[in-house]
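Below is one structure, written out as structure tokens, with a few remarks after it.
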Amino acid sequence: ILGLRRELVLVVHDECTFAAHDGNTFMWIEDGKPPLRPKGDGNSIMISQFLCPCHGVMTVTDDQARENGWDFTSTGAMIYIGKNRDGYWDHSLLSEQFQNRVIPLFKFLHPNKTAIFAFDNSQCHHKMAYDALKVNNLKLSDGFKSNVTHTMRNGYYYDEDGEKVEQ
């Protein structure tokens, strides 16, 4: 964009799951008795976090969070995974984390800078708007018979003046 040069900051995303029985490679057993091993991985937690090169985990102090009306001090989110627990990590949880934590903290920590976000390869990144332009929904030719009708929104881009141009 002409005349508006802003510093770019790479912000990376990662997710990790920790299970109660992770890393159990040895155990104490009584002589002559068979080992009793857990039947599964045990309870798990999943942590989703965003980091930048200048701050690592993007965090603020308790006072800074209070001054901004935030009930969090970091971009991180955690759930207890499981059917009878918090459920499973999905696109809605990632979107909530991104909009309500990551964007506000980025703007606070990096005033007048532009973020470039690099997301972890998560299944929830395949989520698309119902009317997104997807090549799989396009007809192969005029004669192709499709039993599904897809209505897709117009595409758009921003020109050099920052104006939105629909296609």
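Some values worked out for this structure:
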read-out	value
FRET efficiency estimate (nearest 0.05) - Cβ-Cβ, residue 62 to residue 164, R0 35 angstrom	0.35
In range of the label at residue 108: residues from region 53-86 whose backbone nitrogen is under 16 Å from the point 7 Å along Cα→Cβ	55-77
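Bear in mind that the values in this text are calculations on the coordinates, not laboratory data. Everything numeric in this text was worked out from a predicted model, so none of it was measured. Cβ: placed from backbone, ideal geometry, glycine included. Neighbour counts: every protein chain shown.
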